1. Taking the Cα centre of the chain as origin, work out the dipole magnitude from +1 charges on Lys and Arg Cβ and -1 charges on Asp and Glu Cβ, in debye rounded to 20.
2. How much length would be gained if the chain were fully extended between ARG62 and GLU178, taking 0.36 nm per residue of separation minus their Cα-Cα distance, in nm to one decimal?
3. Rank ASP15, ASP250 by accessible area, highest first, at a 1.4 Å probe radius?
4. Can you compute the modelled spin-label distance between ALA30 and GLU247, with each label point 7 Å from Cα toward Cβ, in nm?
5. Treat each spin label as a single point 7 Å out from the Cα along the C-beta direction, and report the LEU170 to GLU70 distance in nm.
6. Which lysines, on any chain, are close to LYS5 with Cα under 29 Å apart, when same-chain ones fewer than 8 places away are left out?
7. Quick query: amide H of ASN48 versus all other amide H atoms, modeled in the peptide plane; which residues come in under 5 Å with a sequence gap of 5 or more or a different chain?
Amino acid sequence: MTDRKPIESWLTDMDGVLMHEGVPIPGADAFIKKLRESGKPFLVLTNNSIYTARDLHARLIRIGLEVPVENIWTSALATAKFLDGQHPGGTAYVIGEAGLTTALHDVGYVMTDHDPEFVILGETRTYSFEALTKAIRLIDNGARFIATNPDNTGPSPQGALPATGSVAALITKATGKEPYFVGKPNPLMMRTGLNVIGAHSETSAMIGDRMDTDVLAGLEAGMQTFLVLTGLTTAGDIERYPYRPTEVADSIADLVHLV
């Protein structure tokens with residue numbers, strides 16, 4: 001096996017790694033505290049595009065996890081950065097919440113339903129038939145289709161909720177056009193995040209609770225990967241995949257000593 005370089009920067013998923021249904025996972029506070037004390041670059045990632053980094057910072061503070069705003073990286077921020085690099089100062093029809101609209105506004109995008117260059121689909125708890133119909137017609141008329149993340153469902157206390165991937169599939173069925181998904185497992189989200197903190201993939205690690213998004217994205221971005229078993233994946237699930245994480249841990253508490 002190739003010798004691994006020391007880990008100099010860390011990326012970690014949020015839900016299932018640091019918290020579960022709004023409750024911090026034991027050891028998460030110690031991991032974040034040690035990261036901050038070490039001075040190593042790090043990012044907390046989420047595919048959820050609903051909230052701004054400032055919103056998430058406040059939510060994490062409430063459960064005892066002190067993550068600075070600049071250390072939070074969402075699929076909405078990654079989408080805005082991608083579009084700013086590809087097509088600066090563009091126009092878009094946006095279905096989503098403040099996390100997405102704020103990120104796009106901050107990079108100079110104009111949001112409009114009049115002949116936009118892009119239709120951008122993000123997460124919302126209030127998908128409306130009218131908005132989806134408008135998106136379908138705009139894509140039919142030539143707007144390019146972008147989606148923040150491919151997650152088909154999201155969690156709630158009552159059970160699963162339809163998420164961006166499911167709604168994107170509806171639009172694709174109606175238009176015949178597949179979206180470009182920016183969020184995990186697209187390694188683009190990881191690479192843009194690494195660029196934001198000035199880190200390099202060969203000396204970075206990704207911690208996640210899902211093989212199909214976190215581990216896959218970290219692997220394809222060239223990072224070491226750590227799978228924790230406090231979220232959606234069990235030890236028995238790992239063998240179903242044709243790739244493996246660098247290491248498997250019961251929880252993030254078992255990784256504190258690596259920082």
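The values are calculated or read from the model by the stated rules, or taken from the named source; none is laboratory data. In this text, all values refer to a predicted model and were calculated from it rather than measured experimentally. Neighbour counts are summed over all protein chains in view; Cβ atoms, including those assigned to glycine, are modelled from backbone coordinates with ideal geometry. To get the accessible areas, we keep the full protein, side chains included, count just its heavy atoms, and leave off ligands, DNA and RNA. Shrake-Rupley method; radii C 1.70, N 1.55, O 1.52, S 1.80 Å.
1. Details: 21 positive and 31 negative charges, 37 e Å.
So the dipole magnitude of the chain works out to roughly 180 debye.
2. On the way: separation 116, 0.36 × 116 = 41.76 nm, distance 3.85 nm.
Value of the extension gain: 37.9 nm.
3. Details: ASP15 70, ASP250 105 Å².
Listed by decreasing accessible area, they come as ASP250, ASP15.
4. It works out to 1.4 nm between the two label points.
5. In this crude spin-label approximation the distance works out to 4.0 nm.
6. Straight-distance partners of LYS5: LYS33, LYS34, LYS40, LYS81, LYS184.
7. Under 5 Å from the amide H of ASN48 lie the amide H atoms of SER75, each far enough along the sequence or on another chain.
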